[in-house]
1. In the stretch 142-163, which residues have a backbone nitrogen under 20 Å from the label point lying 7 Å from residue 48's Cα in the Cα-to-Cβ direction?
2. Which order results if 62, 119 are arranged by neighbouring Cβ count within 10 Å, fewest first?
3. At 0.36 nm per residue, minus the direct Cα-Cα distance, what do residue 30 and residue 122 gain on full extension? Give it in nm, one decimal, please.
4. Mind ranking 165-177, 76-88, 34-46 by how tightly packed they are, going by the mean number of other C-beta atoms within 10 angstrom, highest first?
5. Cut-off is 10 Å between beta-carbons; in what order do 61, 18 appear when sorted fewest neighbours first?
6. Quick one: give the max-minus-min coordinate of the C-alpha atoms of the stretch 16-160 along each principal axis, largest first, in Å.
7. From the alpha carbon gyration tensor of the stretch 103-158, can you work out the equivalent ellipsoid semi-axes (sqrt of 5 times each eigenvalue) and give them in Å, largest to smallest?
Ligand SMILES: CC(C)(COP(=O)(O)OP(=O)(O)OC[C@H]1O[C@@H](n2cnc3c(N)ncnc32)[C@H](O)[C@@H]1OP(=O)(O)O)[C@@H](O)C(=O)NCCC(=O)NCCS
């Protein structure tokens, strides 16, 4: 008995299946949280946001008739999400539709493809890709077109093994501008000369304004003035005749 139970349980776990369905309004919050989780680490490493950019935009997508949002579930839990557009729409769109028209291409734009980290490497991504290829065929599209950051190496190599190739698209360039900081670096202060504070407590005044030494300096001048002034006690001297 005790032998058979774990085996039965293991068998059940091994038989997990993934199901696809169209998203429903009630799934939106859960799907948004799912995308934030999947792209958290990817977004930290890439110049462009690998989507989703904002919840507002994500909710707008739901009402767009050109965009197909699919969720992939295992036992009712979202483990995958895909979003694809049959037209290049949206104000944050990077695509020039004429480029494709000129080449006779009718692309299905894959805006989003995500698998829960706990389920990566188990075939969910391949299932999503097959679903997207199937949609492309049933809607008369000739190519799947998507954008991926060059340094999202894991996803890039995953696409490359599925025969995705690089289009004539923009690459990010940067040039280092040699520069200086706006603000000067810290400066070491001079040591205060010993006579400047003369051992007196700090008053906040300049040394020459400190009361003690200033009074001492004024005294002789006062005495000099008194010596030249006529003494009140001595008789006034007549000026010498010239
Ligand atoms: C890229 C991603 C969608 C792949 O989904 P996945 O469920 O892990 O992929 P699968 O399990 O279906 O992959 C199955 C096959 O791909 C192979 N594979 C897995 N990772 C790979 C990689 N980095 N490079 C090449 N092959 C890879 C597996 O060995 C397996 O091969 P097999 O079928 O011959 O056994 C998923 O990792 C993901 O969501 N990443 C984070 C979000 C992201 O970066 N999305 C793309 C943004 S544009």
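FYI, it's all coordinate maths here, none of it is from the lab. These numbers come from a predicted model, not from an experiment. All Cβ positions, even for glycine, are placed from backbone atoms using ideal geometry, and neighbour counts span all protein chains on display.
1. 143-163
2. Numbers: 62 15, 119 18.
The order, fewest Cβ neighbours first, is 62, 119.
3. Values: separation 92, 0.36 × 92 = 33.12 nm, distance 2.16 nm.
Result for the pair: 31.0 nm of gain on full extension.
4. Values: 165-177: 7.2, 76-88: 19.6, 34-46: 15.1.
Result, highest mean first: 76-88, 34-46, 165-177.
5. Numbers: 61 20, 18 17.
Ascending number of Cβ neighbours within 10 Å: 18, 61.
6. For the stretch 16-160, the Cα spread along each principal axis is 44, 33, 31 Å.
7. Numbers: eigenvalues 101, 45, 11 Å².
Semi-axes, largest first: 22, 15, 7 Å.
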